[in-house]
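**Student:** The structure that follows is given in the form of structure tokens.
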Amino acid sequence: MLISELKVEFLASIELIPTTQWNSLMQGSANSVNPFTRHQYLSALEKSRCVCTKSGWTPMHLSVLYKGKRIAVMPLYNKTHSYGEYVFDWAWAEAYERNHIEYYPKLLSAIPFTPVTGNRMGIDVSLSGKATADVITFIFQSLNQEVTRGEYSGWHCLFMPKTQHNCISNTQRSLLPISTSIQSPLETSLGLEQATPPLKRTGTQFHWQNHDYRDFADFLSTMSSRKRKNIIKERAKAINQGYTFRFIEGELVTDAQWQAFYYCYQITYAKRSGHYGYLNLEFFKLLGKTMAEQVLLLVVEKPITLADNTSSLINESDTSQIVAAAIYFKSDTHLYGRYWGALESADVLHFEACYYQGIEYCIKHGLDTFDAGAQGEHKIARGFEPVVTYSNHEIAHPAFREAIEGFVQQESEQNRRYMIEAAKLLPFKDKGK
């Protein structure tokens, strides 16, 4: 395969790529299907208009063709702000603004509003190692050229698996030619004698790992006495306050339950952020229809009292009402806690609905990992271990690129030290568990 034989497309909708084709390429050789890289998930974002030019996410998904056959894809967006990304570059944008230089638009390969690691390049697994490397080289040559053509400040790939994160740098360094006559316009404009690897950035999340626990009590038994007692106390408090918790499989969620979840989600988002959230009810209901096998809704109920007047949230049984809810996604190996909301303020309610119920579900169903969302040092005391997240960045402006490179190098070292200290705070008797 010659790079000159490859053709790139930038497509304005995920619907321009067949569902089975996209899913096959994005899944690759993985045994477990990441729900967020599926065509159905990205399609629901577009169909519900959560992702569109008006929201600052203009789709322009990258597709690579070889002799008319699609052999690679990448989720890609023209971004006019940095909301909903969770790898923060606001300081970079502010520095551009202070110098009267435009930072937006930028090109972004990510899953909108979803800080979850997953493939950002889907490449035909039947290709040889050399051909795969050529395709990766071509993808990033194409991004560089599009940056110059479209006057973007650069491109960014967020929450990549470590293998893809490293592959980008290694492939570009070893395969891109030195001759400036066949370099991309961006490389030439930067005065580079040969391709420079994209900037590598790391971050930290906290994930729960299933070490073959038999049940929740077995999990607790690995903790120090004080930490174990704190969790038992938190869980008992949630039950004593009259809350009950139950998971509902995606295909069994009723319209009324989706309405109740969405109301809780909006109320909580408004209290925290002053707006009603990035996502709408249509998006969640579409997921319930198109990805039912990977969607779980946790509803938190409380007995109805005479003082209750929230009739819209009363369950069909007429004996309880939904006071909180959380949406989860699952694969064969992972559970992902994504969005939640509550009508009542109670820390123990959040911990139970968003952490302990998920841990129990993983143990019961033999799932390896529970990703309960970005950030949150309070997860450490509840057994969530620090893990590294990866992103790659290319900045077109030479001076800013140099400054940002220094920043991400310092940030990576700070992140390394932070993770070491965080691991020391884990509640396990053996901190290395």
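The values are calculated or read from the model by the stated rules, or taken from the named source; none is laboratory data. Since the structure is predicted, the reported quantities are computational estimates derived from the model, not experimental observations. For neighbour counting, all protein chains shown are included, and Cβ atoms are generated from backbone atoms with ideal geometry for every residue, glycine included. When the accessible area is computed, the model is the full protein with side chains, heavy atoms only, and any ligands, DNA or RNA have been set aside. Shrake-Rupley method; radii C 1.70, N 1.55, O 1.52, S 1.80 Å.
**Student:** For the stretch 43-70, enumerate the residues that are in contact (Cβ under 8 Å) with a residue 60 or more places away in the chain and of a type in the set (S, T, N, Q).
**Tutor:** Residues satisfying the conditions are 43, 48, 55.
**Student:** Hey, can you tell me all the residues within the stretch 40-53 that are over 15 Å from the mean Cα position of the chain (by Cα) and assigned to a helix (DSSP H, G or I)?
**Tutor:** Passing the criteria: 40, 43, 44, 46, 47.
**Student:** Within the stretch 219-233, track down each residue that is open to solvent by less than 70 Å² (accessible area, probe 1.4 Å) and over 18 Å from residue 362 (Cβ atoms).
**Tutor:** 224, 225, 227, 228
**Student:** While we're on this one: Would you pick out the residues in the stretch 114-150 that are free of Cβ contacts under 8 Å to residues at least 24 places away in the same chain and not small (Gly, Ala, Ser)?
**Tutor:** Residue satisfying the conditions is 132 alone.
**Student:** Determine whether residue 248 is of a type in the set (A, V, I, L, M), within 18 Å of residue 354 (Cβ to Cβ) and either part of a helix (DSSP H, G or I) or free of Cβ contacts under 8 Å to residues at least 12 places away in the same chain (or both).
**Tutor:** So residue 248 does not fit the description; no.
**Student:** Next question. Six or more apart or on different chains, Cβ under 7 Å: which pairs go from a residue in the stretch 94-113 that's under 16 Å from residue 55 (Cβ atoms) to one that's of a type in the set (Val, Ile, Thr) and surrounded by 17 or more Cβ atoms within 10 Å (Cβ to Cβ)? Could you list them?
**Tutor:** Here the result reads 111/37; 112/51, each pair linking the stretch 94-113 to a residue that is of a type in the set (Val, Ile, Thr) and surrounded by 17 or more Cβ atoms within 10 Å (Cβ to Cβ).
**Student:** Could you check residue 381 against (1) in contact with a strand residue (DSSP E or B) (Cβ under 7 Å, 6 or more places away or on another chain); (2) aliphatic (A, V, I, L, M); (3) surrounded by fewer than 21 Cβ atoms within 10 Å (Cβ to Cβ); (4) under 23 Å from residue 428 (Cα atoms) and say which number it fails?
**Tutor:** Of everything listed in (1) in contact with a strand residue (DSSP E or B) (Cβ under 7 Å, 6 or more places away or on another chain); (2) aliphatic (A, V, I, L, M); (3) surrounded by fewer than 21 Cβ atoms within 10 Å (Cβ to Cβ); (4) under 23 Å from residue 428 (Cα atoms), residue 381 misses just condition (1).
**Student:** Given the criteria outside any helix (DSSP H, G or I), among the polar types (S, T, N, Q) and either open to solvent by less than 40 Å² (accessible area, probe 1.4 Å) or touching a Phe, Trp or Tyr at 6+ places or on another chain (Cβ under 9 Å) (or both), does residue 375 qualify?
**Tutor:** Judged against the criteria, residue 375 is a match.
**Student:** A follow-up question, please. Looking only at the stretch 9-32, which residues are open to solvent by less than 50 Å² (accessible area, probe 1.4 Å) and outside any helix (DSSP H, G or I)?
**Tutor:** 9, 11, 13, 17, 28, 30, 32
**Student:** Another question about this same structure. Of all residues in the stretch 234-245, count the ones that are without any contact (Cβ under 8 Å) to a residue 60 or more places away in the chain and open to solvent by 60 Å² or more (accessible area, probe 1.4 Å).
**Tutor:** 2
**Student:** In the stretch 147-158, which residues are open to solvent by 10 Å² or more (accessible area, probe 1.4 Å) and in a strand (DSSP E or B)?
**Tutor:** The answer is none; no residue qualifies.
**Student:** When only residues in the stretch 267-287 that are in a helix (DSSP H, G or I) and either at pLDDT below 95 or basic (Lys, Arg) (or both) count, which is surrounded by the most Cβ atoms within 10 Å (Cβ to Cβ)?
**Tutor:** Residue satisfying both the conditions and the ranking: 268.
**Student:** Okay, next question. For residue 44, work out the one condition from (1) buried (at least 20 other Cβ atoms within 10 Å of the Cβ); (2) touching a strand residue (DSSP E or B) at 6+ places or on another chain (Cβ under 6 Å) it doesn't fulfil.
**Tutor:** Every listed condition holds for residue 44 apart from (2).
**Student:** State whether one or more residues within the stretch 251-266 are surrounded by 14 or more Cβ atoms within 10 Å (Cβ to Cβ), touching a residue at least 24 places away in the same chain (Cβ under 8 Å) and not in a helix (DSSP H, G or I).
**Tutor:** Checking the stretch 251-266: at least one residue is surrounded by 14 or more Cβ atoms within 10 Å (Cβ to Cβ), touching a residue at least 24 places away in the same chain (Cβ under 8 Å) and not in a helix (DSSP H, G or I).
**Student:** Please determine, by comparing only the residues of the stretch 80-90 that are free of Cβ contacts under 8 Å to residues at least 40 places away in the same chain and closer than 21 Å to residue 411 by Cβ, which one is least open to solvent (accessible area, probe 1.4 Å).
**Tutor:** That would be 82.
**Student:** Let me ask something else. Filter the stretch 92-112 down to the residues that are open to solvent by 10 Å² or more (accessible area, probe 1.4 Å) and in a loop (DSSP other than H, G, I, E, B) and list them by number.
**Tutor:** The answer is 99, 100, 101, 102, 104, 105.
**Student:** Considering only residues of the stretch 384-433 that are of a type in the set (A, V, I, L, M) and open to solvent by 50 Å² or more (accessible area, probe 1.4 Å), which is nearest to residue 162 (Cα to Cα)?
**Tutor:** Per the criteria, the residue is 388.
**Student:** Give me the pairs, please: first residue somewhere in the stretch 329-354 and open to solvent by 40 Å² or more (accessible area, probe 1.4 Å), second residue anywhere and among the β-branched types (Val, Ile, Thr) and part of a helix (DSSP H, G or I), beta-carbon distance under 8 Å, and either six or more positions apart or on two chains.
**Tutor:** Qualifying pairs under 8 Å: 340/268; 343/267.
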